[in-house]
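The values are calculated or read from the model by the stated rules, or taken from the named source; none is laboratory data. What you see is a predicted model; the values in this text were computed from it and never measured. Because the Cβ atoms are built from the backbone with ideal geometry, glycine has one as well, and the counts that use them run over all protein chains shown. For the accessible areas, the whole protein counts, side chains as well, though only heavy atoms, and no ligand, DNA or RNA atoms are used. Shrake-Rupley method; radii C 1.70, N 1.55, O 1.52, S 1.80 Å.
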Amino acid sequence: MFDKILIANRGEIAVRIIRACREMGIKTVAVFSEADREALHTQLADEAVCIGSAKVSDSYLNMANIICAAVEKKAQAIHPGFGFLSENSTFAAMCEECNIKFIGPSAKVIDALGNKSNARDMMIKAGVPVIPGSDGVIEDTAMAHETAKKLGYPVMVKASAGGGGKGIRIVRREEELDEAFESARSETIKAFGDDKMYMEKLVENARHVEVQVLGDSHGNVIHLGERDCSLQRKNQKVLEEAPCPVLPEDVRSKMCNSAVVAAKAAGYQSAGTIEFLYDEATQNYYFMEMNTRIQVEHPVTEMVTGVDIVKEQINIADGKKLSFSQKDIKISGHAIECRINAENPSRNFAPCPGLIDYLLIPAGGLGVRVDTAVYEGYEIPPFYDSMIAKVIVHGNNRKEAISKMKRALYEFIIDGINTNIEFQNSILNNPDYQKGNFNTSFLETFLAEWKE
């Protein structure tokens, strides 16, 4: 087993990984920017190294500085968490060249699955259902018009190298296509340094359902059930739950098996997520993409399965077999996660960094978990993502989980900054949400009517 792991991330995911390592008897090295000198992850790790200024390109995206910190501290492995360098094949290759284990899939697999057009082709060959779309890359607007005409409007223009909702445009009419294509391509060049685009038919009123998979270096691949991540604002997830409340058992079985087939087709080793669109009206599901990292919402899967996904990632990277076989995995009860952000929903969710004057975290009670890296007296810096905590609850059923989350949010008090806690409460109290009547367009309608 590794003696020491460097965590190439910050915030709650860095704290989450540090805690898993401590339980496994592994020493940790935190890296931090000048803005994060007082951050919790730097205090909890056994060692901490400053890797640059507040600017992410100088610190958390500075591959050379992170590798140098790992070499200096004699870390045998690097856990990238999510975001930043977690799906960067160049960084994974650099780790390998420096004889440092990258806790995640190989650079080759990251490349193969990171290109959405290539991943789509891979899934077609493996027999995994995909959304009708373009045959490869869309070279220009003329080709875009030709493809859209074949598919029929509405369509989605998507970046091949995309992620996090960037480089995506919905096009409902032909006259909108040119501007949408060029703006999406411009966005993806800025975000990913890649201008390749492809197109898919828009599946209206679908649910976003994803399946957690684990694969080891011994050929074993299993799934840990599915999560419903349909509640999104501008392609960013807001609230997630497991299992999906409307998935019939036969469809659930097929979808989860498809996820295993997809992971095997990619030769996947580590924790990963296969994302599907689910059309509730037809009960058809379609592959969207595979995320080659741990997900923000992984705790809901942990709550219903009892599997520590971070520990499994570390064991897989160390060459061990999975701790579980598929028959060992049982889904128990229902789990919900609310992302708590330092933002002002009344001002179009503008980020609200600042000093936390008072903090009460709802840590008490059966089945309540809070993943966070903030504390009373901590000043949230303005340079990074606004998510500051995740509240996760587990109940015997969905109704109990909703009640438990409402109670937990009632007890979550943060003074000094604005948060989206009341917004999350509004979702939980919505009758359609409580009945499970929602899809990826739910929040768009909800926000049009919402009053804080």
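Listing for the model above:
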{"read-out": "Distance from region 80-103 to region 252-298 (C-alpha centre basis), Å", "value": "23"}
{"read-out": "Three-way shape label, region 395-440, alpha-carbon gyration tensor, a/c 1.5", "value": "oblate"}
{"read-out": "Carbon + sulfur, % of accessible area of region 64-152 - ligands and nucleic acids excluded, 1.4 Å", "value": "51"}
{"read-out": "For region 47-98: rounded, prolate or oblate by the Cα gyration tensor [a/c cutoff 1.5]", "value": "oblate"}
{"read-out": "Phi to ³J(HN,Hα) by Karplus 6.51 cos²θ - 1.76 cosθ + 1.60 over region 179-196, Hz, x for Gly, Pro", "value": "5, 5, 4, 5, 5, 5, 5, 4, 5, 6, 5, 5, 7, 10, x, 9, 10, 6"}
{"read-out": "Whether region 295-452 is rounded, prolate or oblate, judged on the alpha carbon gyration tensor where a/c under 1.5 counts as rounded", "value": "oblate"}
{"read-out": "The chain: C-alpha pair distances exceeding 32 Å, %", "value": "38"}
{"read-out": "Candidate lysines for bridging to residue 73, where Cα separation is under 20 Å - those fewer than 8 sequence places away on the same chain excluded", "value": "4, 27, 101"}
{"read-out": "Extension gain from residue 173 to residue 153, taking 0.36 nm per residue of separation minus the Cα-Cα distance", "value": "6.6 nm"}
{"read-out": "Potential lengthening between residue 447 and residue 432 on full extension [0.36 nm per residue; Cα-Cα distance subtracted]", "value": "4.0 nm"}
{"read-out": "Accessible heavy-atom area order of 440, 90, 273, 147, highest first, probe of 1.4 Å", "value": "90, 440, 147, 273"}
{"read-out": "Whole-number accessible area per residue in Å² for the chain, which is evaluated in the context of all protein chains at 1.4 Å", "value": "41"}
{"read-out": "Dipole magnitude of the chain about its Cα centre (Cβ charges: Lys, Arg +1; Asp, Glu -1), debye to nearest 20", "value": "960"}
{"read-out": "Distance between modelled label sites at residue 325 and residue 220, nm, 7 Å Cα→Cβ extension", "value": "0.9"}
{"read-out": "Peptide ranges 322-334, 190-202 listed from the most packed, as the mean C-beta count within 10 angstrom indicates", "value": "190-202, 322-334"}
{"read-out": "Extension reserve of the residue 284-residue 189 stretch, reckoned as 0.36 nm per residue once the Cα distance is removed", "value": "30.9 nm"}
{"read-out": "Under-5 Å amide H pairs with residue 31, H placed in peptide plane, nonlocal only", "value": "7, 9, 49"}
{"read-out": "Convex hull of Cα atoms in region 1-87, direction-averaged projection (nm²)", "value": "4.8"}
{"read-out": "Listed residues 160, 144, 177: farthest to the positive end of the dipole of region 138-189 (Cβ charges)", "value": "160"}
{"read-out": "Mean separation of Cα contacts under 8 Å (6+ apart) over length of the chain, as relative contact order %", "value": "14"}
{"read-out": "Selection from 81, 17, 105 lying farthest towards where the dipole of region 1-105 points positive, charges on Cβ", "value": "17"}
{"read-out": "In Å², nearest 10: area of residue 2 left accessible to a 1.4 Å probe", "value": "20"}
{"read-out": "Set 201/330; 201/327; 116/406; 55/390 screened for pairs whose C-alpha atoms are more than 28 Å apart", "value": "201/330; 201/327; 116/406"}
{"read-out": "Backbone HN-Hα couplings from phi across region 326-338 [Karplus 6.51/-1.76/1.60, Hz, Gly and Pro as x]", "value": "4, 5, 7, 7, 10, 8, 10, x, 9, 10, 10, 10, 10"}
{"read-out": "Peptides ranked, highest mean first, by Cβ atoms within 10 Å: ranges 17-28, 375-386", "value": "17-28, 375-386"}
{"read-out": "Region 229-318 - percent of accessible surface contributed by carbon and sulfur, probe 1.4 Å", "value": "43"}
{"read-out": "√(5λ) per eigenvalue of the Cα gyration tensor, region 101-181, largest first, Å", "value": "27, 15, 10"}
{"read-out": "Inter-label distance, nm, simple model (7 Å from Cα along the C-beta direction), residue 1/residue 44", "value": "1.8"}
